[in-house]
Amino acid sequence: MTTDTATGTGAEDPPVPVLKDPAPPPGARRFWAVRRIPAALIALVLLGASGLLLYDVAAVRADRTAMAWRRELADDLATRPLDNAWVLAGASLAVLVGVWLLILAATPGLRAVLPMRRDHTDVRAGLDREAAALTLRDRAMEVSGVQSVRVRMGRKKVAVRAVSHFRELDEVRADVESVLGTGIDDLGLARPPALTVRVGRPPTKGGRV
């Protein structure tokens, strides 16, 4: 004899759905630069060269004489040897421009913007490097004994140079490292940079001590 459930029907309880954890947000990547100026310059150069060449071709098709620059260029390219200095210089310039365009196409740019952690999949945020350096500098200035601070903020490393006018240098360095370590975590960067701290004494009239 079976016992009825709380509903009195004798049927089994429906399975309780198991809630799965939400998928973690994707990793934060660097922001890509728009690069409007290089694109505009290249577009203008190509547009001007293409328009001039098409005009000359259309003029030749209309039984007119080709432009002198195109005749001279064709004759010069046909007669000038490949090891000529001007030919080598032009080829080198073309290679450099091509490499530059490939680098622009393959790299994200915007090195001044540090990507922050993505706690939500539909939100992306970045922090300016100068603003991050200023924030860490203000944190370091709060340490007792620190007179001045210089912060160089990079994508992978933070170099801090502090000047202490009293207290032991080792104690000041330990306090600065502790404060800035917490400060870097509070910035919320996707890839927290490594911290390097140097502490010295202020310069004197006879030199540095």
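The values are calculated or read from the model by the stated rules, or taken from the named source; none is laboratory data. Since the model is a prediction, treat every value here as computed from it, not as a measurement. Every residue, glycine as well, gets a Cβ built from its backbone with ideal geometry; the counts of neighbours run over all protein chains shown.
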Is one or more of the residues making up the range 3-20 out of contact with any strand residue (DSSP E or B) (no Cβ under 6 Å at 6 or more places or on another chain), modelled with pLDDT of 80 or more and surrounded by 11 or more Cβ atoms within 10 Å (Cβ to Cβ)? no
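For every residue, the table says whether it meets (1) modelled with pLDDT of 85 or more; (2) surrounded by 11 or more Cβ atoms within 10 Å (Cβ to Cβ); (3) part of a strand (DSSP E or B).
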| position | (1), (2), (3) |
| --- | --- |
| 102 | no, no, no |
| 105 | no, no, no |
| 131 | yes, yes, no |
| 148 | yes, yes, yes |
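Every residue, every condition in (1) more than 30 Å from the chain's Cα centre (by Cα); (2) in contact (Cβ under 8 Å) with a residue 40 or more places away in the chain; (3) assigned to a helix (DSSP H, G or I); (4) crowded, with 18+ Cβ neighbours inside 10 Å, yes or no:
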site	(1), (2), (3), (4)
115	no, yes, no, yes
137	no, no, yes, yes
140	no, yes, yes, yes
162	no, no, no, yes
171	yes, no, yes, no
Would you be able to say whether some residue in the range 71-85 is over 44 Å from the mean Cα position of the chain (by Cα), at pLDDT 85 or above, in a helix (DSSP H, G or I) and surrounded by 10 or more Cβ atoms within 10 Å (Cβ to Cβ)? no
Hey, among 123, 95, which residue is exposed (fewer than 11 other Cβ atoms within 10 Å of the Cβ) and under 30 Å from residue 194 (Cβ atoms)? 123
Given the residues 63, 119, which is the only one that is among the acidic types (Asp, Glu) and farther than 30 Å from residue 157 by Cβ? 63
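Condition check ((1) exposed (fewer than 13 other Cβ atoms within 10 Å of the Cβ); (2) more than 19 Å from residue 111 (Cβ to Cβ); (3) in contact (Cβ under 8 Å) with a residue 24 or more places away in the chain) across all residues:
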{"position": "155", "(1), (2), (3)": "no, no, yes"}
{"position": "158", "(1), (2), (3)": "no, no, yes"}
{"position": "181", "(1), (2), (3)": "no, yes, no"}
{"position": "192", "(1), (2), (3)": "no, no, no"}
{"position": "203", "(1), (2), (3)": "yes, yes, no"}
